[in-house]
1. Is it true that some residue in segment 19-38 is in contact (Cβ under 8 Å) with a residue 12 or more places away in the chain and more than 27 Å from residue 190 (Cα to Cα)?
2. Which members of segment 91-125 meet the condition of being more than 26 Å from residue 52 (Cα to Cα) and not in a helix (DSSP H, G or I)?
3. Yes or no: residue 367 buried (at least 17 other Cβ atoms within 10 Å of the Cβ), in contact (Cβ under 8 Å) with a residue 12 or more places away in the chain and not in a helix (DSSP H, G or I)?
4. Looking at segment 169-191 only, could you name the residues that are touching a helix residue (DSSP H, G or I) at 6+ places or on another chain (Cβ under 8 Å) and either in the same structural domain as residue 112 (by TED's automatic domain parsing) or outside any loop (DSSP other than H, G, I, E, B) (or both)?
5. If you take the residues in segment 40-73 that are at pLDDT below 95 and surrounded by fewer than 20 Cβ atoms within 10 Å (Cβ to Cβ), which one is nearest to residue 27 (Cα to Cα)?
6. For residue 5, all conditions in the list (1) at pLDDT 90 or above; (2) in contact with a strand residue (DSSP E or B) (Cβ under 9 Å, 6 or more places away or on another chain) hold save one; what is the number of the exception?
7. May I ask you to say which residue of 258, 200, 262, 207 is within 17 Å of the chain's Cα centre (by Cα), surrounded by fewer than 16 Cβ atoms within 10 Å (Cβ to Cβ), within 30 Å of residue 134 (Cβ to Cβ) and modelled with pLDDT of 90 or more?
8. Considering segment 35-81 alone, what residues qualify as being assigned to a strand (DSSP E or B) and farther than 20 Å from residue 93 by Cα?
């Protein structure tokens, strides 16, 4: 295949390991390397790494390339292409990859390349095609909208901002919970703490990942919706009420919330319910996917809500977004999180950022002590500000766990190492 000189030079620059040059790898995110390795070793599907801008997808890819090189894979058998690079916009990608010259191909920002889904499908369908393809994208909408072309041919790994444990690795373990709650988990921001970084990132996300794809007339309204969500973290949101405050129709609010979800700025939490209709039509609660981004809207305020958001992020990391819900029963109260664990067993979790045992107990929802709504409750957990003990009443045990201790444990209660 003949490659234009500009394309050849660009590819050479993107693949420095071929020339024996070392990679700039940053701090290893081992959890994702393990996940990628598991999928790649199965040798069955195209792998997509999905996540918001600057969440670390490209660095994770480079870290995995370094892992392959250390395992003895020849440098010339690994190809990395940044497909949002304008120098590669006319590249004949199918022909380049069809002859299986490469053992591993990494396609960064794949959704920015023309007809990318058709190309990947055609490659996958070549009889005996063995090249491992790992692609990344900051627009989950564009990738998922093209999912029909890749049905049965692809799988996904979501890349999220740093967990509390990862945050500690990035700042050499010299961390306090308050720092994590303040800065959040965007890797570059955690390392540099440059003022205005998150505001610039937010503008990029809105202009390049939302306005480019959706009929948004006024991007300021998107920011206003974000700010309202930031102010009412942990409370069921009503598009109708938001629309009255913002002076727009409720359908527009619903659409804008969906756009913000698509780019992984926010995430919905559904009501725990016995029927699908009740679950879908009950009001949703919303949380931010990054704590620092939330703070960029309302400042480092309302620690109770901020801690609740941190607890949510920990729970979805351990159990997955679809398994984390909430329960509200009017006068009987509300449980912050109802979590489906292994074999559909239930864990109840409340966030009460209080440092006195008596105050924690007084704030607990009555529902935390009941068994009426759940068949198999295996744990009841209350995340506190330093209170650590187990309390019992009427045969029901509740674990009071300090926030830092909670964030440092995995879904089974083991200390993360």
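1. Scanning segment 19-38, I find at least one residue that is in contact (Cβ under 8 Å) with a residue 12 or more places away in the chain and more than 27 Å from residue 190 (Cα to Cα), so the answer is yes.
2. Result: 92, 99, 100, 101, 102, 103, 125.
3. The answer is no for residue 367.
4. Scanning segment 169-191 gives 170, 177, 179, 180, 181, 182, 183, 187, 188, 189, 190, 191.
5. Across segment 40-73, the extreme among qualifying residues is 53.
6. Against the list (1) at pLDDT 90 or above; (2) in contact with a strand residue (DSSP E or B) (Cβ under 9 Å, 6 or more places away or on another chain), residue 5 comes up short only on (2).
7. 258
8. 50
The values are calculated or read from the model by the stated rules, or taken from the named source; none is laboratory data. Treat the numbers as computed from the prediction; the structure is a model and nothing was measured. No Cβ is skipped: glycine too gets one built from the backbone with ideal geometry, and neighbour counts run over all protein chains shown.
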